[in-house]
Structure formats: C-alpha cells, structure tokens
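Quick notes on the structure that follows.
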C-alpha cells in the first residue's frame, strides 16, 4: 500500500516528491539510488523501478545492467560489443532491445509504491524517444510517494521543465552523504 503507516497519497498531493539525481558518468548516481533503496527496503517500504548498474573490467565500464528494484531481477542492458542483430547502437554502446522492452514493462508495473527509482533518463529517452520511455507516463501518474530520477547534467534543464518542483541532487556531492539519504527517506 502506498505510504504505509503514514496515510495514503493521492495524485496531486504536494507530499509527493521527485528528486533529480544528476552528475557526470561515474559520479555515483546509481550508487546513491541503490543506497536509498536498501535503506527504504530495510524500513519496510514498497520500492519499485529500475537501477542501471555498470559492470567494470580494470576500472572501465564494459556493460550496463538493468535491475528491477522490486524483485532484483537483472538483465544485460548494454555492452561495448553487439550481441544481437537488433541491438540499438548509440554512442559506444549496443542496447539490447528485449531488455529495453522488459524494463519498460517493469516501469509500467512500478506504481503504488513508496519509492520509485528511474535510473536513468538520458539521451535515448529525451532525444530519441526510446529507452525507458514508460517512465514519463509512470512519473506523470504520480502513484508514488518519492521518485528518484537519474538525469545527466546536459539534460537537467529539460527534466526541470517537465518537473519544475523537483529537487536536484548532484551525486558527486551526495553519494556518501547520509544527510541527503535521510532527507529523502523522511519524505517517504
């Protein structure tokens, strides 16, 4: 149930919050989101959405995974080497179309939760209208108490246009800061 022990939140309620987590690649955006998910889960909160942790070899990111926050299922999202003929090539990455479809299905089911995580909305979503595109509808439905939305710095203004009341956290300043985590957790 949404907002267990603190009353139900209905669409349009000002108690709902969107936090934009921004920072350069490797700054700790996913790490910050994962830490907040872990703490919210430990408090018995209903968590949902997607994390996109990287896989590294010798300190270099070689793959990106998609992980369902609700059940922990993981699928390979992208890699430096094409795996399937229909992989979506973008920059240095080849995105698995089946994982993108799966991730959008996960996001569509990520409603009625205390904490929603969308890691990340980037150039695929804002510029190409692909990727985690279902996140826009899920965020608009406002069936969450708090949402963490990872956004690259170069797309932050576009995100702010969509969610003008969102608070911005820069991951480089906050990834290990328990005060930021506490502030977010207090809103759930």
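All of the numbers you see were taken from the coordinates with simple rules; none came from a lab. Only a predicted model underlies this, so the values are computations on that prediction, with no experimental measurement involved. Counting neighbours? That spans all protein chains shown, and the Cβs are built from the backbone with ideal geometry, glycine included.
Stokes-Einstein at 10 °C, 1.306 mPa s, Kirkwood radius from Cα pairs: D for the stretch 148-188 in µm² s⁻¹?
The Stokes-Einstein estimate is 140 µm²/s.
For the chain, what does the relative contact order come out to in percent, with C-alpha contacts under 8 Å and a separation of six or more?
The value is 32 percent.
Report relative contact order for the stretch 62-151 in percent, whole number only (criteria: Cα-Cα under 8 Å, sequence separation at least 6).
The value is 23 percent.
Which of 21, 97 comes first, and how do the rest follow, when ranked by fewest Cβ neighbours within 10 Å?
Placing the least packed residue first, the sequence is 97, 21.
Starting with the fewest neighbours, write out 87, 96, 137, 119 ranked by other beta-carbon atoms found within 10 Å of each beta-carbon.
137, 87, 96, 119
Can you give the FRET efficiency for residue 24 and residue 84, using 1/(1 + (r/R0)^6), R0 = 25 Å, r = Cβ-Cβ distance, to the nearest 0.05?
Given R0 = 25 Å and the Cβ-Cβ separation, E is 0.30.
What number in nm² do you get for the stretch 16-55 if you take the convex hull of its Cα atoms and divide its surface by four?
3.4
Could you state, as a whole-number percent, how many of the C-alpha pairs of the stretch 63-115 are farther apart than 17 Å?
The calculated P(r) of the stretch 63-115 puts 38 percent of pairs beyond 17 Å.
What number results when the radius of gyration of the stretch 34-98, computed over Cα atoms, is divided by 2.2 N^0.38 Å?
1.31
At what distance in angstrom do the alpha carbon centres of the stretch 130-175 and the stretch 30-54 lie from each other?
When both Cα centres are located, 15 Å separates them.
Note down the relative contact order for the stretch 74-113 as a percent, whole number, built from C-alpha pairs under 8 angstrom at least six residues apart.
34
With the Cα gyration tensor of the stretch 89-188 in hand, convert its eigenvalues to equivalent ellipsoid semi-axes via √(5λ) and list them largest first in whole Å.
Whole-Å semi-axes of the equivalent ellipsoid: 23, 17, 13.
Given the -39500 (n - 2.57) contribution per DSSP H run of 4+ residues, what per-residue ellipticity at 222 nm results for the chain, rounded to the nearest 500 deg cm²/dmol?
-9000 deg cm²/dmol
How big is the convex hull of the Cα atoms of the chain, per residue, in Å³?
It is 112 Å³ per residue.
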